[in-house]
1. Collect residues whose amide H, placed 1.01 Å from N in the peptide plane, falls under 5 Å from the amide H of D98; neighbours closer than 5 in sequence don't count.
2. HN-Hα J couplings of the stretch 129-145 from phi, Karplus 6.51/-1.76/1.60, θ = phi - 60°, integer Hz, Gly and Pro as x?
3. What number comes out for the charge environment of R68, summing +1 per Lys or Arg and -1 per Asp or Glu over other residues with Cβ under 15 Å away?
4. Connecting C-alpha atoms closer than 10 Å in a GNM of the chain, tell me which of S105, S153, S31 has the biggest fluctuation.
5. Once you've got the GNM for the chain with C-alpha springs shorter than 10 Å, pick whichever of L136, L78, L161 has the biggest mean-square fluctuation.
6. Within the set of other residues whose C-beta is less than 11 Å from the C-beta of T211, count the net charge using Lys and Arg as +1 and Asp and Glu as -1.
7. What percentage of the solvent-accessible surface of the stretch 49-96, computed with a 1.4 Å probe over protein heavy atoms, is contributed by carbon and sulfur atoms?
8. Would you please name the chymotrypsin sites (Phe, Trp or Tyr not before Pro) within the stretch 129-200 that are DSSP coil residues with at most 16 other C-beta atoms within 10 Å of their C-beta?
Amino acid sequence: MPHVLLCEDDVHLRNNISELLRAEGYSVSVSENAAGAERELRAHFPDLAVLDVLLPDGSGFDLCRRIRKSYPKLPVILLTCCASEEDVVFGFEAGADDYVEKPFSFRVLLSRMAALLRRSSDSSRRKEVGNMTLDLEEKTCRLSGTDVNLTPSEFVILWELAGTPGEPVDRESLVHALWALDSPYVDENALCVHVSRLRSKLGPAAAALRTVRGEGYVLEVDRL
């Protein structure tokens, strides 16, 4: 059962999120400020932290930096009302793995959390889908015994899709995965370009990377 640290000063939002997470099977530690979050970290080390940016005793950005220094592998999601390009880049530079803009749907938050937990729990750092093998440490892709030369962005897209083969991954989640990779701005148009180039490199296996209208993309195992 994954354990989540939730740091949010709005009591109603904090209670709603924590109740919904528990209903989904998570265990949850809650805090209304940065000091409390750091106490909870020491007492109950979580699998993932969800932090509000605007806290009564400081900035969620600063809290994220302290967490990253002490717990470099802990996945961190920032909750923010400020989703300008500058703020988002600032959050990633502070060490966040992802951000969710308020107001948000609980389904989106769950999706982002699940994606980060999948990445952090992948002890082998390898994924094998059909005839494709992805190595996260080496950032390599091998398809039917042949190496496929991918850019970092193309690898990230393929890695995210390989995490849930046969199930669609929404465009927004893929865009945010690319955001976490680097600081330059990435939008859905850029994502489409990366996917198009990725398909061209997959050759006959390109049919495995299918567009799901209104949702995103899916990697189909039986076509690899």
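The values are calculated or read from the model by the stated rules, or taken from the named source; none is laboratory data. Keep in mind that what you see is a predicted model, and the values were worked out from it rather than measured. With ideal geometry, Cβ positions are generated from the backbone for all residues, glycine too; neighbour counts draw on all protein chains shown. Surface areas here come from the heavy atoms of the whole protein model, side chains and all, with no ligands, DNA or RNA. Shrake-Rupley method; radii C 1.70, N 1.55, O 1.52, S 1.80 Å.
1. V76, L78
2. 10, x, 8, 10, 10, 10, 10, 5, 5, 8, 6, 10, 10, 10, 10, 6, x
3. So the surrounding residues net to -1.
4. Of S105, S153, S31, the Gaussian network model singles out S105 as fluctuating most.
5. Among L136, L78, L161, the largest GNM mean-square fluctuation belongs to L136.
6. Cβ neighbours under 11 Å give a net charge of +3.
7. 56 percent
8. Answer in residue order: Y185.
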